[in-house]
Structures are given as structure tokens and as C-alpha cells.
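Worksheet for the structure shown next.
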Amino acid sequence: MRLKLPALAMACDRTGISDRSAATIASAILQDVGIISVDTKKNVIDRMKVRREREKKRIDLQKVKNKKLLGLYFDGRKDKTMVNHKELTKYYRQIITEEHISLIQEPESKYIGHATPTNGSSLQIKNSIINFLETNNIVTSNIVAIGCDGTVVNKKPKWLT
């Protein structure tokens, strides 16, 4: 089955459904509509197909066609991230809490990417956003608006005045 499943990939990312659950649901729907039966199983969707589609869709969403921003909007969230920690010659998994800043391009409300500041201070958030924009060669000279939510860190940061 060479079907592309971008809508399924976006729905899974939006709702946080695992690849395995998404594959089970999608295959069940195909069975209900008669595409899959006991005799024809070639159109069954497995978890790796869902994973590949999610990865493709994420890459497509991060591509910025214009590379010129008129508006930049950001929002932060603390997530638990699993990292490998090395002690002597062995690696151990460790879960740490990281701040992730999502960046959205306006117009068209396109996801640009995310930045990970070293801590949640307004200065570190600013530095990580600037570093992300410079690394990805995004032109900032045309920006007319910067937006964010009402989090305390985002209100009147020292670097904005």
C-alpha cells in the first residue's frame, strides 16, 4: 500500500496517540469499509508506516517556504525528556524536565520548530529563539509583531524594553 497518510499523522501528533494505537484504529476503519478482509491483507497499516508518515509530516511542517517572517509567536511548555547519562563506561537513562519553546510563523500559522533554552528565564528564552532563527537562516528584518501568552516570564522581559 503506497498511500500517503498525512492527515492521520497530524491527528496522531495533535492528540498524542501512539503509533501502535493509530495503526490499530486505521486498520480497523479500513476493515469496516471493506478495504481489508480475511482474503486481502495487503492494505493493513502497521505502526512503522504510521511512524514514517509522522516523521515526514513533521519535516514538511518545519520547512519554511518564504523564510521571511512578518509575525513570530512563541509559547513554552515544560516536558519530561529522557536522556542518556554516562557514568564511567556505562550509559544510564535519566528523565529530566526541559523547557521547550514552540515557534509559529505568521501569516499562515505555520509551525517553524522549537527551541530548548537552558532554563526558563526570559533571557535564556530570547537567546534560544535567536539562536534557532540564525541557525535556520530565517530573515528577521521584516518582523512586525512578536506574540506570546500571558506567562509571568513573558510579561515585560528586560531584554524587550
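Quickly estimate the mean residue ellipticity at 222 nm for the chain, helices only: each DSSP H run with n ≥ 4 gives -39500 (n - 2.57), and the total goes over all residues, rounded to 500.
Value at 222 nm, helices only: -10500 deg cm²/dmol.
Greater than 25 Å separation of Cα atoms is the criterion. Which listed pairs, K41/K63; K78/K110; K49/K90, meet it? Intermediate results must be reported in sequence, preceding the final value.
Numbers: K41/K63 35 Å; K78/K110 21 Å; K49/K90 33 Å.
Violating the 25 Å Cα-Cα cut-off are K41/K63; K49/K90.
Which far-off residues, 5 or more places away or on another chain, put their amide H under 5 Å from the one on K110, with H placed in the peptide plane?
Hits under the 5 Å cutoff: Q105.
Counting pairwise Cα distances across the range 91-145, what percent come out greater than 15 angstrom?
On the way: 842 of 1485 pairs.
Of all Cα-Cα distances in the range 91-145, 57 percent exceed 15 Å.
Where Rh denotes the Kirkwood radius from the mean inverse Cα pair distance, what is Rg over Rh for the chain?
In the chain, Rg relative to Rh is 1.08.
Which angle from 0 to 90°, rounded to the nearest 10, does the C-alpha axis of helix 47-62 make with the longest principal axis of the chain?
30
Please compute the contact order of the chain in relative form: average sequence separation of alpha-carbon pairs under 8 Å and at least six residues apart, divided by the residue count, as a percent.
19
Only four residue types carry charge here, +1 at the Cβ of Lys and Arg and -1 at the Cβ of Asp and Glu. Report the dipole size of the range 72-161 about the Cα centre in Debye, rounded to the nearest 20.
Using only the charged Cβ atoms, the result is roughly 340 debye.
Could you give the angle, 0 to 90 degrees to the nearest 10, between helix 122-135's Cα long axis and the longest principal axis of the Cα atoms of the chain?
So the helix axis and the longest Cα principal axis differ by about 60 degrees.
Can you spot the aspartates and glutamates whose alpha carbon is less than 19 Å from K80's alpha carbon? Ignore those fewer than 8 places along the same chain.
Qualifying aspartates and glutamates at Cα under 19 Å: D13, E98, E99.
So what's the range 18-89 giving for Cα Rg divided by 2.2 N^0.38 Å, two decimals?
In units of the globular-protein estimate, the range 18-89 measures up at 1.75.
What is the set of long-range amide H partners of I146 at a cut-off below 5 Å, with H atoms built 1.01 Å from backbone N?
When sequence neighbours closer than 5 places are left aside, the close amide H contacts are L72.
Rule-based calculations on the coordinates, nothing more; no lab input. Not measured: the values here are computed from a predicted model. Methodologically, a virtual Cβ is constructed for each residue, glycine included, from the backbone with ideal geometry; neighbour enumeration extends over all protein chains shown.
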